[in-house]
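Presented below is the structure to which this report refers.
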Amino acid sequence: MGTPLRVLLVEDSEDDAFLLLRELQRGDYEVAFERVDTPTAMKAAIAEQIWDIVICDYSMPTFSAPAALKQVKESGLDLPFIIVSGTIGEDTAVAAMKAGAHDYIIKGNLARLIPAVARELREAQVRLERKQAEEQIKASLQEKEVLLKEIHHRVKNNLQIISSLLNLQAEYLKDSQALEVFKDSQNRIETMALIHEKLYQSQDLAKINFAEYIQDLVTNLFYSYNVNSSAITLKMNVEEVFLAIDAAIPCGLIINELISNSLKYAFPQRKTGEICIDFCSIEANLFTLAVSDNGVGFAQDFDFQGTESLGLRLVKGLTHQLQGNIDFISYNGVKCKIIFPIKSI
C-alpha cells in the first residue's frame, strides 16, 4: 500500500494531469486529488479540503502559477508548491522561485517529480514541527509572564500588608523615637513594594522605568513626612533609564534613605530649602546617582565611615551591593554621590 498523498492539481489539460498522477503512483504514492483550473475553483478547494502539496501548470487560459501561488500565500497555509510546465523559461522559473514556489519541473523530465515531491514534503514537515515548537515556546513564555505578574502583584500586596500592620502597631506607641523607627521601616517597605508594583504594570517584566519610579517614590516620601512642597522644593535631573530588579531595589532604597535624611534633618523648624536628585549615565553601563540638599549639613566632626546611623549604614551596604563607590560632601548642605555599574539587560 502506497503513501497517502493529497494533491491539489492546478492543470487545465486532462492528459497532462493523467501523466502527473501516473508518475506519482509509480513513486509509490496513493494519490487523492482534485484538478482545478480557475481562481474560483482553487479558492474553494483550499477552503474546503486539506492538502499535502500543490502541483501547478505555469500557464492556463484563465489561470496561472503566479496567481495560484498568491492564493496559497493569502490562505496562510504552508503548502509545498511545485510548478510543472512545458513552456517555462529559466528567467520565469527563477522569478517564480523568488515569489515562493518551491521547485519547477519541465514536463518532458518528470523523472524529477518524485524526488522533488519527497524533498518538499520532508521540508514542509520540518517547518511544521519548527512552527509547533515556536508556538509551544510562545505559550510557555506567556504562562511564565502571567505567573511573574502574579508573583510581583502578590509580593507588592504582602509588603503593603506588612506596612499596614506596622502602621497599626505604631498607634500604640507613645515614644517619639520608636515612632520614627516604625515610619522609617514603613518607608523602606513601601520603597520595595513600589518596585514590584512598577514591574507587574510594566510591559517588560525584567525591568522598570526608573525615572518614573523615582518620581513616585519621592512623592510618597514627601507625603509620608507631611512636607509642604512650597517650602521644600524638589529638582530632578533623571535620565529615562530602565533597571532590572537587582539594581532597582538597592537604588530605590538608597534614594529612600537619603531623601528621608534630608527631610528629617536638613531643614529644622521647617526651614525652606531644596532637594536635588541627579541620575544619569557616565558611559556605557556606568551610572551616577547624586542626592543633595542645601540644608544645615553635617556636623564638623561627622565621620561617615564610622557612623552609627542605620540609614547611612544601609546606604553604604547597598552601594557595596551595587559594586559602586560612594562619596559624601558637606558644603552648603549635603551631597551624596554614588557611581556604580549596571549590567546590560
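The values are calculated or read from the model by the stated rules, or taken from the named source; none is laboratory data. Quick caveat: nothing in here was measured; it's all calculated off a predicted structure. Using ideal geometry, Cβ is built from the backbone for each residue, glycine included, and neighbour counts are taken over all protein chains shown. Surface areas here come from the heavy atoms of the whole protein model, side chains and all, with no ligands, DNA or RNA. Shrake-Rupley method; radii C 1.70, N 1.55, O 1.52, S 1.80 Å.
The residues on offer are 263, 243, 310, and the sole one that is under 22 Å from residue 187 (Cα atoms), open to solvent by less than 20 Å² (accessible area, probe 1.4 Å) and more than 36 Å from the chain's Cα centre (by Cα) is 263. Looking at 299, 290, which is the one that is modelled with pLDDT of 90 or more and either surrounded by fewer than 18 Cβ atoms within 10 Å (Cβ to Cβ) or not in a helix (DSSP H, G or I) (or both)? Going through 299, 290 in turn, the sole match is 290.
Among residues that are closer than 22 Å to residue 240 by Cα and assigned to a loop (DSSP other than H, G, I, E, B), residue 305 is not included.
Conditions (1) closer than 19 Å to residue 7 by Cβ; (2) basic (Lys, Arg); (3) touching a His at 6+ places or on another chain (Cβ under 7 Å), marked per residue:
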residue	(1), (2), (3)
82	yes, no, yes
91	no, no, no
98	no, yes, no
121	yes, no, no
126	no, no, no
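Residues are listed down the side, and each one gets a yes or a no for (1) assigned to a helix (DSSP H, G or I); (2) without any contact (Cβ under 8 Å) to a residue 12 or more places away in the chain; (3) of a type in the set (D, E, K, R); (4) buried (at least 18 other Cβ atoms within 10 Å of the Cβ):
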position	(1), (2), (3), (4)
55	no, no, no, yes
82	no, no, no, yes
91	yes, yes, yes, no
98	yes, yes, yes, no
112	yes, yes, yes, no
136	yes, yes, no, no
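Restricting the search to region 164-189, which residues are more than 19 Å from residue 310 (Cα to Cα) and of a type outside the set (Lys, Arg)?
Restricting attention to region 164-189, the residues satisfying the condition of being more than 19 Å from residue 310 (Cα to Cα) are 164-165, 167-174.
If the condition is that a residue be more than 19 Å from residue 310 (Cα to Cα) and of a type outside the set (Lys, Arg), then 164, 165, 167, 168, 169, 170, 171, 172, 173 are the ones that fit.
Looking only at residues of region 213-240 that are of a type in the set (A, V, I, L, M) and in a helix (DSSP H, G or I), we find that the one that is surrounded by the most Cβ atoms within 10 Å (Cβ to Cβ) is 217.
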